[in-house]
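A quick write-up on the structure given underneath.
The values are calculated or read from the model by the stated rules, or taken from the named source; none is laboratory data. Being a predicted model, the structure only gives us computed values, none of them experimental. Cβ placement follows ideal geometry from the backbone for every residue including glycine, while neighbour counts extend to all protein chains displayed. Accessible surface areas use protein heavy atoms only, side chains included; no ligands, DNA or RNA. Shrake-Rupley method; radii C 1.70, N 1.55, O 1.52, S 1.80 Å.
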Amino acid sequence: MAQVDVYLVRAFSISGQGGNLAGVVLYADALTDLQKQSIAKQVGVSETAFVSQSDKADFQLSFFTPTVEVDFCGHATLSAFWLLRYLQHISAGSYQQETKAGVLPVEVALNGDVLMSQSLPIWSAEFNAEQIAPMLGLQPQLIAQSGLPIQAVSTGLVDVLIPVPYGVLDCLEIDNDAITHFCQQYQCVGFHVFEMNPPEAPYTASCRNFAPAVGIPEESATGSSSGALACYLNRHFGYQQAVFEQGRAMKMPSRLVTQLTIKSGVLTQVQVGGEGVFSKLISIDVD
């Protein structure tokens, strides 16, 4: 039996408050996937990142929920690079991370904020409101009245983006079993539900994310889904920058900043960023 140190970092926090808790394990080269899964289950947060050496990039990162490995995780990426900077293992600058979603750039600012690149969007199936609304406890016409499509989009992980009218987001009644079955059937990770805010609001949109199929009933900040939503809003409204709020219903408000780079009318880079804050260090027993 050995002990492994796990740092807990709240990613996408707002002035040190709220955010989404991720576990980070440094020097994880000797750990097996089974050990990583065991650690992630014991830590019990939505994702734990394991940082290892890489011959393709500056670091290799793998990501585990309490139940499965996923190809990419935005808030755990932010937590890992924020922690590396916090512990003075790296300085401000540009880095590359090797993930199962590809080799992706990460920028670390002087103040420790992290801006990470994601994969370019992959546009998948569209779904109708009659399919989706009952799983959220809504009438189909509430979703349909937005005039926006319900669509699966990936910038690293496949999420179903679901628009709802302003004021509806906090009134959802979630059917976790139905969402789990749907996500397994259509090979997606979860539902990312959003409402567009008034122009004078500090956030472009407010969001909630549900991924019970991978052991996450609700998440307070989802970096990968925010990249996908940024691309979706660019396609439908022309946004190149957007700021999202998430976690309000969980009383863990989070702020996610997105930036798209478009050259000659072609999207060339998707970035999502924010701040981190150290929570605590715990030790986990592994066989």
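Quick notes
- The condition of being within 29 Å of Arg85 (Cβ to Cβ), touching a strand residue (DSSP E or B) at 6+ places or on another chain (Cβ under 8 Å), surrounded by fewer than 17 Cβ atoms within 10 Å (Cβ to Cβ) and hydroxyl-bearing (Ser, Thr, Tyr) holds for only one of Ser225, Ser283, Ser279, Ser220, that being Ser283.
- Residue in the range 163-177 that is most open to solvent (accessible area, probe 1.4 Å), counting only those that are more than 22 Å from Lys251 (Cβ to Cβ) and either in contact with a strand residue (DSSP E or B) (Cβ under 9 Å, 6 or more places away or on another chain) or not charged (D, E, K, R) (or both): Pro165
- Checking Met250 against (1) touching a Leu at 6+ places or on another chain (Cβ under 8 Å); (2) aliphatic (A, V, I, L, M); (3) open to solvent by 20 Å² or more (accessible area, probe 1.4 Å); (4) free of Cβ contacts under 8 Å to residues at least 40 places away in the same chain, the condition it does not meet: (1)
- Total residues in the range 154-175, condition hydrophobic (A, V, I, L, M, F, W, C) and either assigned to a loop (DSSP other than H, G, I, E, B) or over 16 Å from the mean Cα position of the chain (by Cα) (or both): 7
- Condition check for Pro199: open to solvent by less than 30 Å² (accessible area, probe 1.4 Å) and in a loop (DSSP other than H, G, I, E, B): no
- Residue in the range 193-204 that is over 22 Å from Thr77 (Cβ atoms) and in contact with a Gly (Cβ under 8 Å, 6 or more places away or on another chain) present: yes
- Yes/no for Ser94 being of a type in the set (Ser, Thr, Tyr) and modelled with pLDDT under 95: no
- Residue identified as under 20 Å from Glu218 (Cβ atoms) and not aliphatic (A, V, I, L, M) among Gly147, Gly156: Gly156
- Of Gln42, Gln53, all but one fail to be more than 21 Å from Val68 (Cβ to Cβ) and open to solvent by 50 Å² or more (accessible area, probe 1.4 Å); the exception is Gln53.
- Conditions (1) farther than 15 Å from Gln259 by Cβ; (2) touching a residue at least 40 places away in the same chain (Cβ under 8 Å); (3) of a type outside the set (Phe, Trp, Tyr); number of the one not met by Gln118: (1)
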